[in-house]
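Trainee: This is the structure I have questions about; it appears just below.
The values are calculated or read from the model by the stated rules, or taken from the named source; none is laboratory data. Quick caveat, the model's predicted, so the values are computed rather than measured. Virtual Cβ from ideal backbone geometry, glycine too; neighbours counted across all protein chains shown. The protein model used for the area step is the full one, side chains on, heavy atoms only, and it has no ligands, DNA or RNA in it. Shrake-Rupley method; radii C 1.70, N 1.55, O 1.52, S 1.80 Å.
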Amino acid sequence: MTTTEPTHLPLPLESDWLDWVGARGEQQLALARSLVDGLRAAPPKEPLEVLRVWNEAQTALSNAGSVGSLFSEVHPDKQVRDRAESVAQEVQKLDTDLGLDTELYAVLAGLDGSSLDADAARVLERTLRDFRRSGVDRDEATRDRLRELSERAILLSQEFSKNIREDVRSIRVTPEQLAGMPADWVEAHPVGDDGLVTVTTDYPDVVPFRTFAHDADARRELVTAFLTIAWPDNDRVLQDIFAVRREHASLLGYESWADYDAEVKMIGNGKAIGEFIDRITELSTASAERDKAVLLGRLRQDRPDATDIDGADTSYYAELVRKEQLAVDAQRVRTYFTFEAVRQGLLDVTGRLFGLDWTPVPREDARTWHEEVATYDVSFQGERLGRIHLDLHPRDGKYKHAAQFDLARGVNGTQLAEGVLVCNFNRGLMEHDEVVTLFHEFGHLVHHVLAGRTDWVRFSGVATEWDFVEAPSQMLEEWAWDADVLATFARNADGETIPADLVEAMRRADDFGKGYDARTQMFYAALSYDFHVNQTDDLTARLRELMARYSVFPYLSGTHMQCHFGHLDGYSSAYYTYMWSLVIAKDMFSAFDRGDLFDPEVAGAYRDKVLAQGGRRDAADLVEDFLGRPYTFDAYAAWLAE
């Protein structure tokens with residue numbers, strides 16, 4: 001390993017992005033190939049030295065992959081996005097080739113790991129497991145087919161994402177149909193020359209509109225458009241993705257893709273996913289049906305003949321119930337959350353909680369890909385940990401959801417951790433739900449940076465089992481619901497701090513619907529699991545069947561939400577992980593004193609025993625180390641029953 005003091009990754013001048021993305025990808029891929037060639041030809045005698053060379057190769061591959069995956073989703077220039085996509089394809093190809101390289105496998109499988117320390121031994125064990133799961137021990141014809149399937153998979157994944165990213169739909173409404181919308185939202189949507197207003201399917205439009213717009217027909221039109229994004233193109237792409245995954249798993253001897261995918265997760269096997277989905281469904285049904293009845297009752301005040309309530313009306317009537325019956329007006333709440341204050345408040349809260357310092361980096365020094373990206377250097381007790389970039393507003397051609405991307409994974413003595421938060425928030429006032437989302441996604445960024453102080457790239461950053469990945473982020477959401485925490489940054493235009501009794505009412509209102517939200521999540525999880533286990537010719541028909549079984553809300557006619565359900569690609573059969581992680585998050589949060597969420601002893605233990613460990617230990621062991629016991633369902637079940 002190199003021993004020079006690592007620095008942040010220098011980004012290019014504005015005019016050089018196309019060349020830089022290509023060069024960064026090619027250089028890191030060439031380095032990875034060179035290091036692996038050396039391992040094959042003349043491996044070091046010491047097992048630890050072999051692993052160190054392998055670690056450098058994996059770091060280079062990770063660097064190239066980060067450039068490809070990030071900039072294909074966020075760069076404003078389509079040429080740069082396309083170039084980044086080609087880099088990602090090359091990364092996937094090399095990664096596949098390495099996983100099927102019998103000579104390389106022989107070098108690593110022949111190592112005597114008896115003298116290795118715990119981390120190095122874990123690297124070796126996990127690396128050999130990866131080789132086996134790649135199919136390196138299969139015959140040549142099978143390896144060739146696995147290589148073809150892997151290359152096909154990355155192209156399909158990119159096509160799926162691109163179809164979602166580029167298919168922004170819209171409706172045209174009269175100014176009168178904006179009744180109920182917040183004034184600042186209306187101001188940001190001017191009337192066109194034809195006297196109509198455009199409302200798009202991007203989140204800053206669709207979320208407020210489905211929540212506040214009084215016009216039921218306009219809401220239904222927009223929600224229907226939103227739930228048909230990328231239809232019909234992605235229906236075909238999904239069928240191809242599922243077929244590739246089915247064949248891949250079968251060639252490796254697994255009964256289904258879910259079994260293959262779950263093998264390396266906390267849950268262990270595919271059958272356990274179905275059992276977990278059914279368990280959460282059962283736990284949440286009483287709460288779900290109770291709260292749905294309240295929604296339907298409120299709908300009937302407006303439409304006495306209504307027999308059910310669907311996705312075109314649920315957000316609107318949930319908001320009315322919270323306002324009229326639970327005394328929470330979301331339009332009043334949002335006046336306390338200006339974007340700039342929320343962003344700074346988030347940095348202050350997480351800085352205090354984890355002992356981190358966030359130092360703003362001027363744009364001329366950061367040289368980011370867009371003027372709205374905010375950059376901060378991160379340090380802990382005077383030691384520089386890395387750098388973060390916050391890309392938080394929508395624009396054409398940009399990733400449409402909310403996610404944390406790596407720019408570089410931290411490796412001791414080699415490179416600092418750099419992470420990017422990609423979201424699509426309004427530039428003015430934020431819904432409190434958006435504040436919660438920002439805290440959630442920022443939790444991934446904190447995890448990435450704190451776990452970047454490791455010798456092994458394998459364990460760097462958010463490197464735990466995938467069904468634990470969301471737990472730290474879901475736990476950080478709790479700080480966005482605490483009155484004392486919110487009081488540090490939530491103020492209205494008159495400078496008044498958000499009242500504690502309003503926050504308490506917000507918490508009660510948020511509890512409304514948690515049962516039917518859980519059932520909706522289980523519908524998504526069942527969709528994710530079922531599509532990967534059972535072959536179906538008509539995805540929409542199967543979606544309707546699963547929705548009837550798991551969601552308490554009926555299918556919205558004419559929609560095909562699977563086509564823009566991005567997690568069907570990234571999470572494949574494992575969307576259950578959000579709820580699995582929430583169970584663990586609720587359990588971990590039980591260690592904190594609700595009266596003092598900044599208790600330095602508990603927060604420090606959580607930071608050091610869970611977040612900073614990255615992937616050095618199994619997630620169940622990290623949680624047990626922090627809690628002093630194995631995790632349980634108890635805290636989650638108690639929360640659901642409140």
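Trainee: Probe of 1.4 angstrom, ligands and nucleic acids ignored: what's the accessible area per residue over the chain, in square angstrom?
Mentor: Per-residue value: 40 Å².
Trainee: Per 0.36 nm of contour for each residue apart, how much would the distance between Asp144 and Thr285 grow if the chain were fully extended, relative to their Cα-Cα spacing?
Mentor: Taking 0.36 nm per residue and subtracting the Cα distance, the gain is 46.0 nm.
Trainee: Relative contact order for segment 548-642 using alpha-carbon pairs under 8 Å, separation at least 6, rounded to a whole percent?
Mentor: Once normalised by length, the contact order is 28 percent.
Trainee: How much length would be gained if the chain were fully extended between Leu13 and Ala121, taking 0.36 nm per residue of separation minus their Cα-Cα distance, in nm to one decimal?
Mentor: The Leu13-Ala121 span can extend by a further 34.7 nm.
Trainee: May I pose another question? Just to confirm the filter: which trypsin sites (Lys or Arg not before Pro) across segment 533-642 are DSSP coil and have at most 10 other Cβ within 10 angstrom of their Cβ?
Mentor: Arg594
Trainee: Please give the helix 47-74 orientation as an angle from the longest Cα principal axis of the chain, in degrees from 0 to 90, rounded to the nearest 10.
Mentor: It works out to around 30 degrees.
Trainee: Mean residue ellipticity at 222 nm from the helices of the chain, using -39,500 (n - 2.57) per DSSP H segment of n ≥ 4 over the full residue count, to the nearest 500 deg cm²/dmol?
Mentor: My calculation for the chain gives -18000 deg cm²/dmol from helical runs alone.
Trainee: Now, a different point. Which of the lysines could be linked to Lys271 by a straight reach, that is with a Cα gap under 28 Å, when you skip same-chain ones fewer than 8 residues away?
Mentor: Lys514, Lys586
Trainee: Hey, quick one: spin label on Glu263, modelled 7 Å out along Cα-Cβ, who in segment 102-126 has an amide N within reach, i.e. under 14 Å?
Mentor: Residues 126 qualify, since their backbone N sits under 14 Å from the label point.
Trainee: Okay, moving on. Using only the Cα atoms, what convex hull volume per residue in Å³ does segment 190-270 have?
Mentor: Considering the Cα atoms of segment 190-270, their hull volume per residue is 159 Å³.
Trainee: Could you work out what % of the accessible surface of the chain is carbon and sulfur, using a 1.4 angstrom probe and leaving DNA, RNA and ligands out of the count?
Mentor: Roughly 47 percent, rounded to a whole number.
Trainee: Is segment 501-642 rounded, prolate or oblate when judged by the Cα gyration tensor, a ≥ b ≥ c being the square roots of its eigenvalues, rounded requiring a/c under 1.5 and prolate requiring a/b larger than b/c?
Mentor: oblate
Trainee: I need the GluC sites (Glu not before Pro) found in segment 408-499, filtered to DSSP loop residues with at most 13 other beta carbons within 10 Å of theirs.
Mentor: Hits after loop and neighbour filter: Glu496.
Trainee: Any idea what log10 I(q)/I(0) is at q = 0.07, 0.10, 0.11 Å⁻¹ for the chain, Debye with uniform C-alpha scatterers and no solvent?
Mentor: Those come out to -0.45, -0.97, -1.21, one per q.
Trainee: Also, quick follow-up: Sketch the reach of a paramagnetic label on Arg507 as a point 7 Å from Cα along Cα-to-Cβ, and name the residues of segment 460-490 whose backbone nitrogen lies under 20 Å away.
Mentor: 473-490
Trainee: Relative to the first principal axis of the alpha-carbon coordinates of the chain, what is the inclination of helix 78-99, with its axis defined by its Cα atoms, in degrees from 0 to 90 and to the nearest 10?
Mentor: With both axes taken from Cα atoms, the answer is about 50 degrees.
Trainee: Could I have the simple spin-label model distance between Ala620 and Glu5, label points 7 Å from Cα toward Cβ, reported in nm to one decimal?
Mentor: Here the modelled spin labels are 4.4 nm apart.
Trainee: If you don't mind, another one. Which whole-number percentage describes the relative contact order of segment 253-386, with Cα contacts under 8 Å and a sequence gap of 6 or more?
Mentor: Result for segment 253-386 is 10 percent.
Trainee: Over the chain, what is the relative contact order in percent, taking alpha-carbon pairs closer than 8 angstrom and at least six residues apart?
Mentor: Here the relative contact order equals 16 percent.
Trainee: Step by step: find N for segment 301-440, compute 2.2 N^0.38 Å, then divide the Cα radius of gyration by it. What's the final number?
Mentor: Normalised Rg, Cα atoms only: 1.36.
Trainee: What list of whole percents do you get for P(r) of segment 547-596, with Cα-Cα distances grouped in 10 Å bins up to the one holding the largest distance?
Mentor: Binned Cα distances yield the sequence 19, 32, 28, 16, 5.
Trainee: Moving on. Give the distance, in whole Å, between the Cα centre of segment 1-45 and the Cα centre of segment 495-511.
Mentor: A separation of 50 Å, based on Cα centres.
Trainee: ³J(HN,Hα) across segment 155-170 via Karplus (A = 6.51, B = -1.76, C = 1.60, θ = phi - 60°), whole Hz, x for Gly/Pro?
Mentor: Computed from phi, the couplings for segment 155-170 are 5, 5, 4, 5, 5, 4, 5, 5, 4, 6, 4, 9, 9, 8, 9, 7 Hz.
Trainee: Now for a different question. Given labels modelled 7 Å from the Cα in the Cβ direction, how far is it in nm from Lys514 to Arg129?
Mentor: It is 3.3 nm.
Trainee: Which value results when the Cα radius of gyration for segment 211-329 is divided by 2.2 N^0.38 Å?
Mentor: For segment 211-329, the normalised Cα radius of gyration comes out at 1.52.
Trainee: Starting from the Cα-Cα distance between Asp82 and Asp37, subtract it from 0.36 nm times their residue separation and give me the gain in nm to one decimal.
Mentor: Between Asp82 and Asp37, full extension yields 13.3 nm more.
Trainee: If one takes the longest principal axis of the Cα atoms in the chain, at what angle in degrees, from 0 to 90 and to the nearest 10, does the Cα axis of helix 314-324 lie?
Mentor: That works out to roughly 60 degrees.
Trainee: Modelling each spin label as a point 7 Å along the Cα-to-Cβ direction, I'd like the Arg152/Arg236 distance in nm, to one decimal.
Mentor: About 1.5 nm separates the two model spin labels.
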